[in-house]
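Undergrad: This structure is in structure tokens; I'll ask about it shortly.
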Amino acid sequence: MNYHELVSPAEPTRSSCADQIARLVGSDTFKHAEISRRMLVYLGEQTLEGRADRLKEYTVGVEAFGKPPDYDPKTDSSVRVQLSNLRKKLDEYYRGEGANDPVVVEVPKGHFKLAFRKGPAGGTTAGGALRRWQIACVVLMIAFGGIAALAVRWKFQAAEIETERRSTPAIEAFWRPYLKGKRPIMISLGTPLFVATSRGFFRDPKVNDWQKALAVGLVRDLQRQFKSPDAAPVYSYTGVGEALGVFELVTLFGALKRDLSVKPSNGLTWEDIIRHNMIFVGAEKYNPHIPALPEGQDFVIRDARLKNLNQRPGEPPFFDEGKASQAPDGSSLREGYALITRLTGLHGRGEITILAATSTGGSRAAVEYVTTPHYAAQLVEKLCMPSGALPKQFQVVVRARFKSDVPIEISYVTHHVLPESSQPEGNKHLPK
């Protein structure tokens, strides 16, 4: 529904329900209620995606709270307790700051499926609605605060967006495969693994797989050190650079009047990848589907290094992080590299773009390079073929200088055009 329509349907639309969830998790009532926010976001996603009818107490415990496979709801009542707390928070919200909201969200007794009904405001209007870019901000703040699963769709009005990310020929040239046609767009936000114990959350940068964490003894060591018998995988946090990068992409596509959805990588499915034009934000250790994507890439990120598998004259075998140096004002400057990859999607359909680096600031630099008109013009000029078109598959290495992990300068280093013969055939790239 267009935000400037004054006629609202008898029941809340899917879009207005998604907006209301974003409004709730960004409210003062839920500000310090992280677990209630987590459950609300999870149940909201399952309900809006039509999957809530399958939910049981065990499913919610494992999927939303990272409980181990042997979790027994009969002896562990934490899910029931948190569901009761969520109902209390919703009641508190609608008795206070949400009294005049256009949509009321409820959790009926005995169910995990959310219920939506029209509130006193009676629907979404131009004067009463949150702007879509504000909703994007809320969802990204969820990423900062530790919520791991939400796929909400945004429809932007370009006139509502105060941004310098205006449409330019270079921007449209780079993103043309995503702008033409009606194939939906999805962003996968890289989410690293944390191990949750009764003493807090812990992370080993070298381990991003739960089975590996068990195999190398990481979980056992934490349990022994903190005398905590419980340990569970948690994918509730993301890097600042990745989160800000997603916000830049959301803002850009809003200005270009294209819908998109965002999912944390641990919730991404192969069906999602097949059905969407994909944008992966973050290195493959945070986006575990990337290694199984089409083969034939010349540059890969391995062990915190950008590796060149197909050296050309003058190119090094590795692009390593630079040593820190001093800026004129005495602050520290660091140099690093980022990788921009464009591939044809699975089964030869759709597009895949990977914006990654060895650091969270580098991931942001990769996004900045393809969303900022000045950099996009440089990139398109380098990639443009004699025909005037861009190659279908390519990889671009860029170098960034960082100040407090913020990219303050980005420059082109090199690029390789990948042969179209590396496009997938049938299901050969799908995991067996």
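Undergrad: Quick check: net charge around Asn85, other residues with Cβ under 13 Å of its Cβ, Lys/Arg +1 and Asp/Glu -1?
TA: +3
Undergrad: Rounded, prolate or oblate for region 194-234? Axes are the square roots of the Cα gyration tensor eigenvalues, ordered a ≥ b ≥ c, and the cut-off for rounded is a/c under 1.5.
TA: Because a/c hits 1.5 or more and a/b exceeds b/c, region 194-234 counts as prolate.
Undergrad: Rank these for me by crowding, Arg364, Arg95, Arg334, going from fewest to most other beta carbons within 10 Å.
TA: The order, fewest Cβ neighbours first, is Arg95, Arg334, Arg364.
Undergrad: Convert each backbone phi in region 30-45 into a coupling constant with the Karplus relation 6.51 cos²θ - 1.76 cosθ + 1.60 (shift: θ = phi - 60°), then list the ³J(HN,Hα) values in order as whole Hz, x for Gly and Pro.
TA: 9, 4, 10, 10, 4, 5, 5, 4, 4, 5, 4, 5, 5, 5, x, 4
Undergrad: Counting other C-beta atoms within 10 Å, and keeping those with at most 11, which DSSP coil trypsin sites (Lys or Arg not before Pro) do you find in region 223-269?
TA: Listed in order of number, the matching sites are Lys227.
Undergrad: Which ordering of Asp53, Asp405, Asp19 is given by a fewest-first count of other beta-carbon atoms within 10 Å?
TA: Asp53, Asp405, Asp19
Undergrad: Going by how many other Cβ atoms sit within 10 Å of their own, how do Met186, Met278, Met39, Met385 line up, fewest first?
TA: In increasing order of surrounding Cβ atoms, one gets Met385, Met186, Met39, Met278.
Undergrad: Only Lys, Arg, Asp and Glu count, each charged at its Cβ (+1, +1, -1, -1), so figure out the dipole size of region 194-234 about its Cα centre, rounded to 20 debye.
TA: Computed about the Cα centre, the dipole is about 120 debye.
Undergrad: About its Cα centre, how strong a charge dipole does region 240-422 have in debye, to the nearest 20, once Lys and Arg get +1 and Asp and Glu get -1 at the Cβ?
TA: Its charge dipole is roughly 100 debye.
Throughout, read-outs are computed from the coordinates displayed, never taken from laboratory work. Keep in mind it's a predicted model, so treat the numbers as computed, not measured. Positions of Cβ are backbone-derived with ideal geometry, glycine not excepted, and every protein chain shown enters the neighbour counts.
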